[in-house]
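**Q** Below: one structure in structure tokens.
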Amino acid sequence: MSTNLANLNTNPCKMCVPLGAVTAIYGLQRAMSLLHGSQGCSTYIRRHLATHYNEPIDIASSSLTEEGTVFGGEANLVKGLDNLIKLYEPEVIAIMTTCLAETIGEDVPAIIQRYRESRPELKTTLIPVSSAGYSGTHFEGWFRAVRALLSQIKMNLAPHGGLNIITGPASPADMRSLKNFLNGCGLPYTLLPDISQNLDGGHNPVYNRLPSGGTPLAEAAAMAGARLTLELTAFCPPEISPGALLEERYHVPLLRLNAPLGLRDTDALVKTLESLGAKVPQAVREERSRYCDAMIDAHKYSALGRAALFGEPDLVLGLARLCAENGLVPVVAATGGHYPGFEAKLRAEIGPTADNALVERFSVLNFADFEAIEYQALANGTNILVGSSEARRIEERHHIPLVRCAFPIHDHVGGQRVRTWGYSGALALLDRLANTLISRQDSTYRSALRQQFYQPEPAARPRSQAERTGRHPCFSPSACATQARLHLPVAPACNISCNYCVRKYDCPNESRPGVAAQVLSPAEALARFLKFKDSTSTFSVVGIAGPGDSLADWSRTADTLSLIRQADPGVTFCLSTNGLMLPLHAARLIELGVSHVTITINAVNPDIGAKIYAHVDYFGHRYQGRTGAALLLANQLAGLKMLTEAGLVVKVNTVLLKGINDEHVVEVVQKVAGLGAYISNIMQLIPVAGSAFENMSMVSNRAHQELRKRCGQYLSQMNHCRQCRADAAGLLGQDRSIEFQPAPQPVAPAVKPGAAVKIAVVSKSGVVVDQHFGQADRFYIYESDGREVRLLETRPIRRAGGGPSLCGGSCGGGEARQPGFTATLVEAVGDCNCVLALRIGESPSQRLKEKGIAAVATYDNIDRAVREAARGLAC
Amino acid sequence: MDVKSTILSKYNAKVFKGRQDHLLEVDAGQTQEIAANARAVPGLMTNRGCCYAGCKGVVLGPLKDTCVITHGPIGCGFYSWGTRRNKARGDGEGRNFIQYCFSTDMQEPDIVFGGDKKLRQAIKEAVTIFHPKHVMICSTCPVGLIGDDIHAVAAEAEKDYGITCVAFSCEGYKGVSQSAGHHIANNGLMKRIIGADDTPPPSKYAVNLLGEYNIGGDGWEVERILKRVGYHVVSVFTGDGALADIARAHTADLNLVQCHRSINYVAEMMKTAYGTDWLKVNFIGLGSAAESLRRIAEFFGDQDLKNRTEEVIADELAAIEPDISYFKSRLEGRRAALFVGGSRSHHYQDLLRDFGVATVLAGYEFGHRDDYEGRQVIPRIKEDADSKNIETLTVAKDDKRYRAFLSPERYEELKSTIGLESYAGMIRDMPDGSWVVDDLNHFETEQFAKLLRPDIFFSGIKDKYVLQKSGVLSRQLHCYDYSGPYAGFRGAVIFGRDLTMGLYAPAWKMVTPPWKAGDREGDAANA
């Protein structure tokens, strides 16, 4: 029993339990299924399976109506069985319950018992399967049906030395290839279920309405006498494991392996079979060497892949392992249900691959829907989607190619023949992955290069200057009280050296241009944008203001802008720059829809400029003195003209430097006004320790105001400038950037440097510290020495009454939830050195402190937050 | 043994008795009666779906400006997600909910402790993320049983978020098929949406298109033709439809009813409340499309409009004539069976006739007796326990908005000349000796295919592979096998092309392996 984390599942990544159950029964010879419930369940599932497998799917229904919900469904079920037996004469009928039957409390085993007793002549084996649609996903449904079968048929206990092979859901083609391999090994075996024939049949002279392929019932019954069960699944819950049942009841030893997806897991299966006496056929050895050869050949394409994987948990694990062994980084791994250990296993698999490729962010998601997958895929820079066809909407929207390799595939043919298992399946899949990445590269990289080096003609600007400017807080005094803006610190590099500036990234106490607590990658910037957008209703402007120069490292800025533009076509972009690279990138800026640009121009005379700029770096050369200043000036003015001609709103900032340009500013303003600048912003110098102008005295406020007045004749003046940080967020003057930053170092009892500390993390997603302490329904306990980060365990919170929380985190926090709950929470982390949460209230924070536990409020990737906290504790 | 006895003899006595009145051989001289809209026989693999499928899947699903939340466990929402191939353009503000599936994904604790809390949160999340103006809630089986008050939750959401939020108690077990769900959806639209916006249409000749779900783009072809003649389409129920338009439906002069089964309730209720007349039309088939256009023009009675109608018909037909006659030459003399929902089995006979293809069997999955025999039987249809469970909405005349377009005399005249407010049903259009079968099941499909040997069987995905493995071409008429449109003039060409490609697919002639030459009967269906 589990509670779902989200209330609204948007575009589900899972199907219901009965669907999995009927699919598994298709792997049994001469067997049929009857769904006990409303006929829609059977109709929907038939439609769904037929579209994927392109085979007749015949599932009967007891067609319960409202009357049945009042008086019980026995009469209908009995009629249904009678008719099915009379017309089809199946050897086995599996009777699955649906949500309806389970909710009205039908006792199907008892009904079946009575049915059998009243019909002594009955030859058909009847198997009730409990499969409420709300009791898991189709993945569990598959195993429930297999287990129900083995637990209810009369087993044959005679020992026979054969092997039992039980798998989870797979394509008929994969099952066929597994059988071929097993046949070649020379070991007797029973594969259950075996859907290879019934769900991928041929065209025959006579249509046979009863599925004639699959595992014969007698063979399934003989599984009780096997020497060993190999169960090829990592995530089948033990309580519904068919192998566990054979072990408990008939003492058939159980060995679990991962599904044979990828090299290592196929190797593991081969090794196990060898140890059991199998002779590995020469053909299989050759397949392995061919796959290795292909892995090496394809590595240069694979390594550029950033994949989002989704589907059943075994599939996702297998795909992740296959990707990892090919150097392809899974940046999203998601499954629709909730499986203990899923996250740990996937993180262990993906982590080293990601590190190796310098990928900082990847997400592992339980209970995921495609909305969550899409969000994470974009934030993590996915370039290939791998799984079912239900991701085709993401493919369409974002032009990220989708490799369809898992059920359900509704928009392509051949779903039943998709190969992923074994060496040959891995090879087939690898070829598809690599080719998908190649075609993507082939179709985009030339145009990307072209855009970078040969800019296309600027596009016409759609909106009027006044309209766009009215909503911009930095350009319109009336907007600055109501319109929030978000500065994204994505541009760390600078290409000129101003004598008034020393750039330091991390200085949370300062608020001035060029300062940011942390530099973001474009993907992180997107994530921050989306988070900020959610939290602010008056949001209108995204700016890039450094902390270096926005155009010095062009690709970071361009990537950030295009990611955000994809996510929100309506947002206003602004950007500030020293103007050096402006002529080169102006056209592309315009194309990306940047509407507001700020250029800092301190002088329009190279001789004066020479006193302000120590050097200018341009295309690999460093220019100093007058040459550097002249170069910068020429580019500033040319860039300004390009922008204003294209209709952009340009603000010109000028830093007032006493004795250097204070007399020259009027000239600067006149010049830029002539080139079409919209507003001028004359700013006081903020003397910075360590800079060349550290000791320069400031122009008096009065002189500053007078100067603004004089310049106001030529160009309107910005009087409301607050000289923001490069990561400013919110309304001017109400900076909220601290909320969007990593936490400050914890104040906590010191721990010996280098020693590992235990850190409890409160998280809803399991990826990011994103939940309030008081809303915790589990703690993720990590260990870290400031370098390595290791998840030790997930610790569920028991409420006083026992049982996991049912509130799903949606009802208030802290004490309101239950008296004494804070104490429970504090007690639960008693062995930890530190707690990380999105917020922690005053009282719990105090209680933690009393126990010597540091409390840190943060919003960050768990790994990074834990590492930083561990470092903080150690110093 | 005749066809009927051959098939029924396989059943046990009870089923024999139950099924015999659902099968009839057409006797052109007689008035024939059929049993319909009765419970499906358990275990026989009916093709029918459930009440939820009719409400959420058919009527509400195609609305593009509406966030439809399925309240229930995950399966129902998933299986009704984008599966009917209704096409829709965005509403201009970038909103198009057709691509989405929203579900409360109920888990065991929700079934035990009630799911209304979760539903309330889900609506909140949907409103926060997607900013819909309209939210519809559709319940699945367990919801009715555990007693979640979805209507109260909807009312609360309207208050809290200033949106339109309507709940539909369309639990799967209600009624005997999708049909119950259509009715429930019709009631909800009538009660809450139609009449909410009195903005008058921008031009005269304003019509609504009812029961057109834009499968494969059918609605677009029909709208194209209507606009060409000079009509203004106020709203479409519900293909590429928007609740914002449906709110203005009562301002139209005439309701055109394409699918009688799924939407006739709205047509009737609008007549009572707003005085809007309705006309059964059929835009499937060249002859029937032309005839429908002529009857609509006659309703408005304007000579210019009538002239324009003739011009458009002549022009459209001339444009496609070469294609149609080519495909006709390839198809003439073939025999078809049709088994679709509640109106297409009738509509497509007209189109098949245009290509010289005869119908040997037709049946409805969830039609009522009036869809087979004509509306005159409605007063004589006995109400049973299952239909009593579905609310019959009684509407009153809306004095403020009631508007009779026709004078009483003209109304009476048009009733007899263009069949205003009538539908004569499918049987009377069928050839002597053909078969009508209600709620055809898997077993009977197979038997009829064997006994009647149609060249092509129009049905859905559930029997498609049964038929094709039996050597009979199958085309899906629910989703058009991802093709379409088939409606109107241009659609007819696509239909002819699709049939031809199917019947002449080279594979049919190649199925016999070299080691068994000449073994298979009927192999060369296309020799």
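**Q** Amide H of A:Ile93 versus every other amide H placed in the peptide plane: which residues, excluding those fewer than 5 positions away on the same chain, fall under 5 Å?
**A** Here A:Met32, A:Thr125, A:Leu126, A:Ile127 satisfy the definition.
**Q** Check A:Thr229: other-chain or 5+ apart residues with amide H under 5 Å from its amide H, H built from backbone geometry?
**A** It is A:Asn164, A:Leu254, A:Leu255, by chain and number.
**Q** In addition: I need A:Ile153, A:Ile195, B:Ile7 ordered by Cβ neighbour count within 10 Å, fewest first. Before the final figure, lay out the partial values.
**A** Values: A:Ile153 18, A:Ile195 30, B:Ile7 22.
Arranged by neighbour count, lowest to highest, A:Ile153, A:Ile195, B:Ile7 become A:Ile153, B:Ile7, A:Ile195.
**Q** Determine, for each peptide in A:432-440, A:293-301, the mean count of other beta carbons within 10 angstrom over its residues, then list the peptides with the highest first.
**A** Values: A:432-440: 18.6, A:293-301: 15.6.
Highest-to-lowest ranking by the protection proxy: A:432-440, A:293-301.
**Q** I'd like the distance between the alpha-carbon centres of segment A:600-650 and segment A:107-161, rounded to an integer number of Å.
**A** 81 Å
**Q** With a cut-off of 8 Å between alpha carbons and a minimum separation of six or more residues, what is the relative contact order of chain B in percent?
**A** Details: 1021 pairs, mean separation 94.0, N = 527.
Rounded, it is 18 percent for chain B.
**Q** Okay, next question. Based solely on its DSSP helices, what 222 nm [θ] is calculated for the protein assembly as shown when runs of n ≥ 4 H residues each add -39,500 (n - 2.57) and the sum is averaged over all residues, nearest 500 deg cm²/dmol?
**A** On the way: 48 runs with 550 residues, N = 1402.
About -12000 deg cm²/dmol.
**Q** Distance from the Cα centre of segment A:293-365 to that of segment B:404-467, in angstrom?
**A** 54 Å
**Q** Provide the net charge surrounding B:Ile418, with neighbours chosen by a C-beta distance below 13 Å and charges set as Lys +1, Arg +1, Asp -1, Glu -1. Please list the in-between numbers first.
**A** Numbers: positive: B:Lys280, B:Arg294, B:Arg295, B:Lys306, B:Arg410, B:Lys415; negative: B:Asp277, B:Glu291, B:Glu298, B:Glu412, B:Glu413, B:Glu421.
Once all neighbours under 13 Å are counted, the net charge is 0.
**Q** Further, regarding this structure: Rounded to whole Hz and in sequence order, give me ³J(HN,Hα) for segment A:262-278 from the Karplus expression 6.51 cos²θ - 1.76 cosθ + 1.60, θ = phi - 60°, writing x for Gly and Pro.
**A** x, 5, 5, 6, 6, 4, 4, 5, 4, 4, 4, 5, 4, 5, 8, x, 6
**Q** From the Cα gyration tensor of segment A:582-632, with a ≥ b ≥ c the square roots of its eigenvalues, which class applies: rounded if a/c is under 1.5, or else prolate if a/b is larger than b/c, or else oblate?
**A** Details: a/c = 3.57, a/b = 1.82, b/c = 1.96.
The shape class here is oblate.
**Q** Let me ask something additional. Which whole-Hz ³J(HN,Hα) couplings does segment A:337-347 yield from phi under the Karplus relation 6.51 cos²θ - 1.76 cosθ + 1.60, θ = phi - 60°, glycine and proline marked x?
**A** x, 10, 10, x, x, 4, 5, 4, 4, 5, 5
**Q** May I pose another question? Based on the alpha-carbon gyration tensor of segment A:290-443 and its eigenvalue square roots a ≥ b ≥ c, which shape applies: rounded if a/c is under 1.5, prolate if not and a/b is larger than b/c, or oblate? Mind showing how you got there, number by number?
**A** Details: a/c = 1.23, a/b = 1.09, b/c = 1.13.
Rounded shape, in that the Cα axes give a/c under 1.5.
**Q** Starting from the Cα gyration tensor of chain A, take the square roots of the eigenvalues, sort them a ≥ b ≥ c, and report rounded, prolate or oblate (rounded when a/c is under 1.5, otherwise prolate if a/b is larger than b/c, else oblate). Walk me through the numbers before you get to the answer.
**A** Values: a/c = 2.45, a/b = 2.13, b/c = 1.15.
Note, shape of chain A comes out prolate.
**Q** Whole-Hz ³J(HN,Hα) for each residue in segment B:184-193, computed from phi via Karplus 6.51 cos²θ - 1.76 cosθ + 1.60 with θ = phi - 60°, x for glycine and proline: what do you get?
**A** 4, 5, 4, 4, x, 5, 5, 5, 10, 10
**Q** What residues have an amide H closer than 5 Å to that of A:Leu28, excluding those fewer than 5 places away on the same chain, when H is modeled at 1.01 Å from N in the peptide plane?
**A** It is A:Asp194, A:Thr215, by chain and number.
**Q** Would you work out the relative contact order for chain A, in percent, from Cα pairs under 8 angstrom that are 6 or more residues apart?
**A** On the way: 1809 pairs, mean separation 75.3, N = 875.
Contact order relative to length: 9 percent.
**Q** Can you quote the Å³ per residue value for the convex hull of the Cα atoms in chain B, rounded to an integer?
**A** Numbers: hull volume 89.8 nm³, N = 527.
Enclosed volume per residue, from the Cα hull, is 170 Å³.
**Q** While we're looking at this one, here's another question. Can you give me the relative contact order of segment A:183-300 as a percent, contacts being Cα pairs under 8 Å and 6 or more apart? Walk me through the intermediate numbers first.
**A** Working: 95 pairs, mean separation 28.0, N = 118.
The normalised contact order for segment A:183-300 reaches 24 percent.
Laboratory data are not the source of any read-out in this text; all were calculated from the coordinates shown. These numbers were taken from a predicted model, which means no experiment stands behind them. Cβ: placed from backbone, ideal geometry, glycine included. Neighbour counts: every protein chain shown.
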